[in-house]
Amino acid sequence: PPLSEQRKIAAILSSVDEAIEKTETIIEQTEKVKKGLMQQLLTKGIGHTKFKKTEIGEIPEEWEVLKVADVAKTTSGGTPSRNNPEYFNGSIPWIKTGELKEKYIYDTEEKITEEAVKNSSAKLVPKNSLIVAMYGATIGNVSINKIDATTNQACCVIIPQKERLNYEFLYYLLAFWKEKLIKLGAGGAQPNISQQIIKNLLIPMPSLKEQMEIANILAILDKKIQNEKKKFDSLSNLKKGLMQVLLTGKVRVKVDDEVVSS
């Protein structure tokens, strides 16, 4: 195109680039704030002034230290035989560790049948359980299932006692302790977090009210990060679309009050 049009195209794309960079910066800054807040809230709580030394470090005097098994039930799943076509393409969600990427799981890549549940180790677990990857590439990843679902054998499912343990609080605690969990599973050629390790994991226990307050503060930051990531994706798609039409001449730009048309 003429030099004046080249400059105009470059200016349009540069403005989108600037918006993308600003959004990236906001995401990075919010993630830093969240990390710092997790450190503060999950070890010091909200408004405490007196602390005590415990097996898991210094925590507020009012908090307890309990095993996961004291306040939750744990289980794992199974994989129905793929040799039997009657076990798959059913209506029951079946979670694999590769799907433990986001905080919430609303749907699954594969679904199994009731027959598959009857004839395998896959068990139906209630929504708002914690799903933890015990080994493989996603080891230590954790998600919350927002649907009743089954899982494969590489997942450990934690079902909290509602009156004692808030599932959102436990999610943030396990996400914060991801590296610690992986180290607990070290030993063989590949780390492997067993269900027993998760059962025996010592966790800090604020009151249920404080657990919910901590989870709500962190959830606000998660929402902001999620919104900014959506904005980033939209801007990236906009840039791709603009490059496609502006750099090929499919759409021409206005230069010096004169429209250069195709």
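The values are calculated or read from the model by the stated rules, or taken from the named source; none is laboratory data. Small disclaimer: the values here were computed from a predicted structure and weren't measured. Using ideal geometry, Cβ is built from the backbone for each residue, glycine included, and neighbour counts are taken over all protein chains shown. SASA here: full protein model, heavy atoms, side chains in, ligands and nucleic acids out. Shrake-Rupley method; radii C 1.70, N 1.55, O 1.52, S 1.80 Å.
DSSP beta bridges fully contained in the range 32-165 are about 85 percent antiparallel. Along the range 68-80 the Karplus relation, 6.51 cos²θ - 1.76 cosθ + 1.60 evaluated at θ = phi - 60°, assigns HN-Hα couplings of 3, 4, 6, 10, 7, 9, 10, 7, 9, x, x, 10, x Hz to successive residues, with x for each Gly and Pro. Over the C-alpha trace of the chain, radius of gyration and Dmax come out as 24.4, 74 angstrom.
Would you please put 209-218, 176-185 in order of how densely packed they are, using the mean number of other Cβ atoms within 10 angstrom per residue and starting with the highest? Could you put the intermediate results ahead of the total?
Working: 209-218: 17.4, 176-185: 15.7.
Listed from highest to lowest mean packing, they are 209-218, 176-185.
In order along the range 160-170, the Karplus-derived 3J(HN,Hα) couplings, from 6.51 cos²θ - 1.76 cosθ + 1.60 at θ = phi - 60°, round to x, 6, 4, 7, 10, 9, 7, 5, 5, 4, 5 Hz, and Gly and Pro are given as x. For the peptides 10-23, 147-160, residues were scored by their other Cβ atoms within 10 Å and the scores averaged per peptide; the highest-first order is 147-160, 10-23. Counting only heavy atoms of the protein chains and using a 1.4 Å probe, LYS50 has close to 130 Å² of accessible surface. Put a dot 7 Å past the Cα of ARG164, heading toward its Cβ, do the same for LYS183, and the two dots end up 2.7 nm apart. Here is the size of the range 141-216 from its Cα atoms: Rg then Dmax, 13.4, 42 Å.
Give, in nm to one decimal, the length gained when the segment between ILE46 and GLN196 is fully stretched (0.36 nm per residue of separation minus the Cα-Cα distance). Can you show the working numbers first?
Values: separation 150, 0.36 × 150 = 54.00 nm, distance 3.10 nm.
Taking ILE46 through GLN196 to full extension adds about 50.9 nm, to one decimal.
Name the aspartates and glutamates eligible as straight-distance cross-link partners of LYS35: C-alpha to C-alpha under 19 Å, and not fewer than 8 places from it in the same chain. Within the straight-line cut-off, LYS35 pairs with GLU24, GLU58, GLU102, GLU168, GLU179, GLU210, GLU213, ASP222, GLU228.
For the range 4-48, a Kirkwood radius taken over Cα pairs fed into Stokes-Einstein (37 °C, viscosity 0.692 mPa s) yields D = 247 µm²/s.
With +1 on each Lys and Arg Cβ and -1 on each Asp and Glu Cβ, and nothing else charged, work out how big the dipole of the chain is about its Cα centre, in Debye to the nearest 20. Provide the component values of the computation, followed by the final result.
Values: 38 positive and 33 negative charges, 53 e Å.
Roughly 260 debye, rounded to the nearest 20.
From largest to smallest, the equivalent ellipsoid semi-axes obtained for the range 107-262 from the alpha-carbon gyration tensor read 44, 22, 17 Å. For the chain, adding -39500 (n - 2.57) for each run of n ≥ 4 DSSP H residues and dividing by the number of residues yields -14500 deg cm²/dmol at 222 nm.
Using only the Cα atoms of the range 90-164, build the gyration tensor, take square roots of its eigenvalues as a ≥ b ≥ c, and label the shape rounded, prolate or oblate: rounded if a/c is under 1.5, else prolate if a/b is larger than b/c, else oblate. Show your work: numbers first, answer last.
On the way: a/c = 1.55, a/b = 1.20, b/c = 1.30.
Since a/c reaches 1.5 but b/c is at least a/b, the shape of the range 90-164 is classed as oblate.
Largest accessible area first, the listed residues ARG7, ARG252 line up as ARG7, ARG252 when surface is computed with a 1.4 Å probe on the assembled protein chains.
Within the straight-line cut-off of under 13 Å between alpha carbons, the aspartates and glutamates reachable from LYS239 are ASP17, GLU18, GLU21, sequence neighbours fewer than 8 places apart in one chain being disregarded. Only protein heavy atoms count here; under a 1.4 Å probe, TYR106 has an accessible surface of about 150 Å².
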